[in-house]
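*Asks:* First the structure, then my questions, so here it is.
The values are calculated or read from the model by the stated rules, or taken from the named source; none is laboratory data. Values in this document were obtained by computation on a predicted structure and should not be read as measured data. Using ideal geometry, Cβ is built from the backbone for each residue, glycine included, and neighbour counts are taken over all protein chains shown.
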There are 2 protein chains.
Amino acid sequence: MPTYKLTYFNSRFYAEPARILFHLAGVPFEDIRIIHGDGTWEQIKDKTPFGQVPVLNINGFEIPQSTAIIRYLATKFGYAGKTPEEQAWADAICDQVRDFMAVPFKDIVVAKRVGKTEEEVSQLINEGFVPGRDAYFKIITRILEKNKSGFLVGDGITFADIVVVENLTTLQKNQLFEASKYPELAALREKVYAIPAIKKWVEARPDTQY
Amino acid sequence: MPTYKLTYFNSRFYAEPARILFHLAGVPFEDIRIIHGDGTWEQIKDKTPFGQVPVLNINGFEIPQSTAIIRYLATKFGYAGKTPEEQAWADAICDQVRDFMAVPFKDIVVAKRVGKTEEEVSQLINEGFVPGRDAYFKIITRILEKNKSGFLVGDGITFADIVVVENLTTLQKNQLFEASKYPELAALREKVYAIPAIKKWVEARPDTQY
């Protein structure tokens, strides 16, 4: 079996779906977590393929970019959809999450980090974030209503479910998702987190805001 | 053979790599171009899976999200890399382009559209866009130097080459890429555009700014 090393910060965010896939598949990996501010990141940044993490190292071969890593592992472990059409939908859903994270969500994270006032952050949430989140939630809810299996694609779990569910957890930890208001999304999260290997990891993993 | 219909606006942008893949593979498709302002988009928007285009329709089955479409076609037509590792790198490169388009590039397009002054746009270009572009160009150039084949992944063309090359064309048409300053990138574009089926399409296609 190849030796897998996954390098990221001590956050869930862009690396967590890959960690979950390892646990789901029962495949051991080294979960390398860079600590902010201790100088490690500055030392390794230029040695990464794209100057960023996560990076997955497989016997020395490196893959940069989170979705590429997730798709690679999902394909290898059998969670990428059963047909090219299912895979395309899993891909499309992940990119929808990505678009949502890249702009409406990131804007808030950045605003908080640069020290905007509570009022400014709140305005950003109401005007920029909420419409983006609602449009995205509507899409995911509609897919769940249509697909019937309780998962987003086909009749079993795919990387798309994992990406969406982890995104919900991050939103919830930042008071941006109230599970009781979105029963379909909450049910998806419960279903995914009820899978024994995932449940075990979710209970054991480091508790981080992002 | 399935019936393919690709719906987008009358732009290259997020749909053009899919169009090029059809031409490269010699597979016929219907190239549906929505005209801005004639009311068509407002009529069909809510009928698309994610409220957006491009959408690829294959005998009635729809795929939303541009990269999902491109990857689906590339896999089907044999341009998605020869191994899972090559595919992961093609994926990673596409997502790097996507990140670059989603923020530094989009910021400029939006600034122009909302009527910012030339001075404001120019400031945005110098402070936000140029550092993002240079970091992205450095990554792509380094990949080309390392890979040796003249293509980005493995020894033949993949969807990653097509996505990068089309992005260069869009930048050039908006005075944001000067081919003579980036010989490695210019060489990649020449190599891709020299492939007869692509050359023929590039010469014949509608000339649009984006």
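*Asks:* Among the residues of the range B:133-155, count how many are in contact (Cβ under 8 Å) with a residue 60 or more places away in the chain and away from chain A (no Cβ under 13 Å).
*Replies:* 1
*Asks:* Which of the numbered conditions does A:Ala111 fail, given that it passes all the others? Conditions: (1) over 21 Å from B:Asn57 (Cβ atoms); (2) without any contact (Cβ under 8 Å) to a residue 24 or more places away in the chain; (3) within 13 Å of another protein chain (Cβ to nearest Cβ); (4) crowded, with 18+ Cβ neighbours inside 10 Å.
*Replies:* (3)
*Asks:* Continuing with the same structure: Which of (1) in a helix (DSSP H, G or I); (2) surrounded by 19 or more Cβ atoms within 10 Å (Cβ to Cβ) is the odd one out, the single condition A:Val53 does not satisfy?
*Replies:* Result: A:Val53 fails condition (1) only.
*Asks:* Answer yes if at least one residue in the range B:91-107 is within 13 Å of chain A (Cβ to nearest Cβ) and of a type in the set (Gly, Ala, Ser), and no otherwise.
*Replies:* Looking for residues that are within 13 Å of chain A (Cβ to nearest Cβ) and of a type in the set (Gly, Ala, Ser), one finds at least one in the range B:91-107, hence yes.
*Asks:* Let me ask you something else. Among all residue pairs at least 6 apart or on different chains, which show Cβ distances below 9 Å where the first residue, located in the range A:25-53, is closer than 22 Å to A:Thr208 by Cα and in contact (Cβ under 8 Å) with a residue 60 or more places away in the chain and the second is surrounded by 15 or more Cβ atoms within 10 Å (Cβ to Cβ) and of a type in the set (A, V, I, L, M, F, W, C)?
*Replies:* Pairs that qualify, where the first residue is closer than 22 Å to A:Thr208 by Cα and in contact (Cβ under 8 Å) with a residue 60 or more places away in the chain and the partner is surrounded by 15 or more Cβ atoms within 10 Å (Cβ to Cβ) and of a type in the set (A, V, I, L, M, F, W, C), are A:Arg33/A:Phe9; A:Arg33/A:Ala15.
*Asks:* Mind telling me which of the residues A:Glu166, A:Glu127, A:Glu120 ends up being in contact with a Lys or Arg (Cβ under 9 Å, 6 or more places away or on another chain), in a helix (DSSP H, G or I) and assigned by TED's automatic domain parsing to the domain that holds A:Ser180?
*Replies:* Exactly one residue qualifies, and that residue is A:Glu166.
*Asks:* Tell me whether the range A:21-41 contains one or more residues that are at pLDDT 95 or above, touching a helix residue (DSSP H, G or I) at 6+ places or on another chain (Cβ under 6 Å) and in a loop (DSSP other than H, G, I, E, B).
*Replies:* Checking the range A:21-41: at least one residue is at pLDDT 95 or above, touching a helix residue (DSSP H, G or I) at 6+ places or on another chain (Cβ under 6 Å) and in a loop (DSSP other than H, G, I, E, B).
*Asks:* Then there is this: So, in the range A:52-65, exactly how many residues are out of contact with any strand residue (DSSP E or B) (no Cβ under 6 Å at 6 or more places or on another chain) and within 7 Å of chain B (Cβ to nearest Cβ)?
*Replies:* Total satisfying the criteria: 2.
*Asks:* In addition: Just give me the residues in the range A:66-85 being in contact with a Lys or Arg (Cβ under 9 Å, 6 or more places away or on another chain) and either more than 10 Å from chain B (Cβ to nearest Cβ) or more than 16 Å from B:Ala80 (Cα to Cα) (or both), in sequence order.
*Replies:* A:Ser66, A:Ala80, listed by residue number.
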